[in-house]
Amino acid sequence: MDYAATTPVDPAVAAVMGRFLTMDGIFGNPASRSHVYGWEAAEAVDQARCQVADLIGADHREIIFTSGATEADNTAVKGAALARRALDGRDHVVTSAIEHKAVLDPCRYLESLGFSVTYLRPGRQGVISPDQVLEALTDRTALVSLMHVNNETGAVNDIAAVARICRERGILLHADCAQSLGREKIDVGTCWADLVSLSAHKIYGPKGVGALYVRRSPEVKIEPLIHGGGHERGFRSGTLPTHQIAGMGEACRLAAERFAQDTARIRELRDTLERKLMTLPGVTLNGPRDGRVCGILNLSFAGVEGETLLASLKDVAVSSGSACNSASVEPSYVLTAMGVPRDLAHASLRFSLGRFSTPEEVDCVFRAVTRMVAALR
C-alpha cells in the first residue's frame, strides 16, 4: 500500500531491460558513433525517447533523460531561474509550501544566490489555485514551479490554467509530474507547462532514471547542472544508461496502453478501502474527495499516534508521509501547511495503491488497521 513511494517493475519492462545488459544483447554506449554496438544502443534510446514523448504529447526532441525526477526538478528550477536572470535580470520564483523537497530545496538554494521566492500556502483541500499564482506574480518573476499531483494527498492542481496565466506574462512554468504521469492526462502540446519532471519508478519502470521535458517552441533556455561531454543536447552530460532508459520507455508505452483500465481499477480499489476505513470512528480524509489522483488516500486516525500505528501494521507497507521524509518524527509539512491540526497530522497515514493491488489486499488492510486502531486507542 505504498505505490506512491515506488512501484514494482512490470515484468514486461524487466524483460525489455534485460536485452541491454549482457554480451549477447545491446550493451554498447549510445554515444559511440563509430560501430554497430553504439548505433544499436542509440536506436534504443531514441525509441524510448519517442515512447516517453508520446505519453505526454511532446516532440521526442524535447525529452532529456536524467537520473530521476529529483535531478529533473533541480535542473528545471535552478537551470531555468539562472538562465532567465542572466537573460533579463528576473530573479523571483513562485512555488508552494507543499512541494516535494526536490523543488523546495533548490528554491532555498536560489535564495542563497539572491533570488526571492514566494511560497504559496494551500487551502484545506491541499490545492494551489490559479488566482493565488496570479496574485503572487511580479514584473521580476522568472519561474513558477508547482506539482501537478501532491504526493501525500493526491490533490490535483490545475496546471493548464496556471500555464495560461504564465504564458500571457512571459513567465516559465515548471510542473513536477512524478505522481501524475500515467495517472492523469498530460498534454504539453496544448498550453501547458514549459518544463515537466518525470520519473520511471512511479510507473512500474526502474529506479535511477527519469526525464525532463523542455519546450522547444517557444524555446526554453536552461543552464545545465552537469557538464562533461555535452550529452542530451548539452542539457545533461553523462553516459546514458540504455537499459534503464529502455525500461522507462516501455513503462511509458504500457502506461499509455493501460491508462483507462489501470486508473479505473485503482480508483475503485482506493474508494473501497476509503469507504471501509471511514466507517471507523474518528477517521477523517485529508485532501479533496474529488479532484485527486486515483491511487492515493490520506487519512487521520484521531486518538492514535501515526508512527505507532505505522509500526504496529507489521504486514502492511504504508507511509506517514512522503518516502523522502519517512524518518522524521515531525508531522507532515504538507498536512500542517493545509491547516490540519498537529495532533491529527501526527495521526495520519498515506495509503497508495497501484497496478498490482488486489481486492484481497484491501480487505486485509482494513482488518489490520481496524484491529490496531482499536488496540492502540
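The values are calculated or read from the model by the stated rules, or taken from the named source; none is laboratory data. From a predicted model like this one, the values you see are computed outputs, not experimental measurements. Heads up, the Cβs are rebuilt from the backbone with ideal geometry, glycines too, and the neighbour counts pull from every protein chain shown.
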Given (1) without any contact (Cβ under 8 Å) to a residue 12 or more places away in the chain; (2) outside the structural domain of C166 (by TED's automatic domain parsing), where does D2 come up short, assuming only one miss? (1)
Hey, does region 41-56 have a residue that's closer than 16 Å to L173 by Cβ and buried (at least 23 other Cβ atoms within 10 Å of the Cβ)? yes
Looking for whichever is farther than 27 Å from P8 by Cα and buried (at least 24 other Cβ atoms within 10 Å of the Cβ) here; the options are L172, L198, L181, L212. Which one fits? L172
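Please report, ordered by residue number, the helices (runs of 4 or more DSSP H) entirely within region 264-377 with at least 3 residues that are of a type in the set (G, A, S) and over 25 Å from E99 (Cβ atoms). Talk me through it step by step, then tell me what you get.
Numbers: elements: 306-312, 333-337, 342-346, 359-376.
Output list reads 359-376.
So that you can scan it fast, the table gives a plain yes or no per residue for (1) within 22 Å of the chain's Cα centre (by Cα); (2) surrounded by fewer than 21 Cβ atoms within 10 Å (Cβ to Cβ):
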position: P218; (1), (2): no, yes
position: H231; (1), (2): no, yes
position: P241; (1), (2): yes, yes
position: G247; (1), (2): yes, no
Can you spot a residue in region 361-368 that is surrounded by fewer than 18 Cβ atoms within 10 Å (Cβ to Cβ), farther than 27 Å from D262 by Cα and of a type in the set (K, R)? no
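Test S352 against the criterion of being in contact with a strand residue (DSSP E or B) (Cβ under 9 Å, 6 or more places away or on another chain) and buried (at least 19 other Cβ atoms within 10 Å of the Cβ), and give yes or no.
Working: in contact with a strand residue (DSSP E or B) (Cβ under 9 Å, 6 or more places away or on another chain): yes; buried (at least 19 other Cβ atoms within 10 Å of the Cβ): yes.
It is true that S352 is in contact with a strand residue (DSSP E or B) (Cβ under 9 Å, 6 or more places away or on another chain) and buried (at least 19 other Cβ atoms within 10 Å of the Cβ).
Can you say whether V52 is within 15 Å of D194 (Cβ to Cβ), out of contact with any Ser or Thr (no Cβ under 6 Å at 6 or more places or on another chain) and assigned to a helix (DSSP H, G or I), as far as the supplied structure shows? So that I can check it myself, show each step before the final result.
Numbers: within 15 Å of D194 (Cβ to Cβ): no; out of contact with any Ser or Thr (no Cβ under 6 Å at 6 or more places or on another chain): yes; assigned to a helix (DSSP H, G or I): yes.
Spelling it out, it is not the case that V52 is within 15 Å of D194 (Cβ to Cβ), out of contact with any Ser or Thr (no Cβ under 6 Å at 6 or more places or on another chain) and assigned to a helix (DSSP H, G or I).
Out of all the residues in region 14-35, which are surrounded by 12 or more Cβ atoms within 10 Å (Cβ to Cβ), not hydrophobic (A, V, I, L, M, F, W, C) and not in a helix (DSSP H, G or I)? I'd like the intermediate steps shown before the answer.
Filtering region 14-35 for residues surrounded by 12 or more Cβ atoms within 10 Å (Cβ to Cβ) gives 14-21, 25-32.
Among the residues that remain, those that are also not hydrophobic (A, V, I, L, M, F, W, C) are: 18-19, 25, 28-30, 32.
Passing the criteria: G25, G28, N29, P30, S32.
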Tally the residues that are crowded, with 17+ Cβ neighbours inside 10 Å and either among the hydroxyl-bearing types (S, T, Y) or under 19 Å from H100 (Cα atoms) (or both), restricting the search to region 152-169. 8
Counting only strands (runs of 3 or more DSSP E) entirely within region 138-231, those with at least 1 residues that are of a type in the set (D, E, K, R) and at pLDDT 95 or above are 172-176
Under 6 Å between Cβ atoms, at least 6 apart or on separate chains: pull out the pairs that start in region 37-55 with a residue that is assigned by TED's automatic domain parsing to the domain that holds Y204 and more than 16 Å from P206 (Cβ to Cβ) and end on any residue that is surrounded by fewer than 22 Cβ atoms within 10 Å (Cβ to Cβ) and of a type in the set (V, I, T). E40/I26; A41/I26
Testing T118 on (1) hydroxyl-bearing (S, T, Y); (2) part of a helix (DSSP H, G or I); (3) free of Cβ contacts under 8 Å to residues at least 60 places away in the same chain, one condition comes back false. Which one is that? (2)
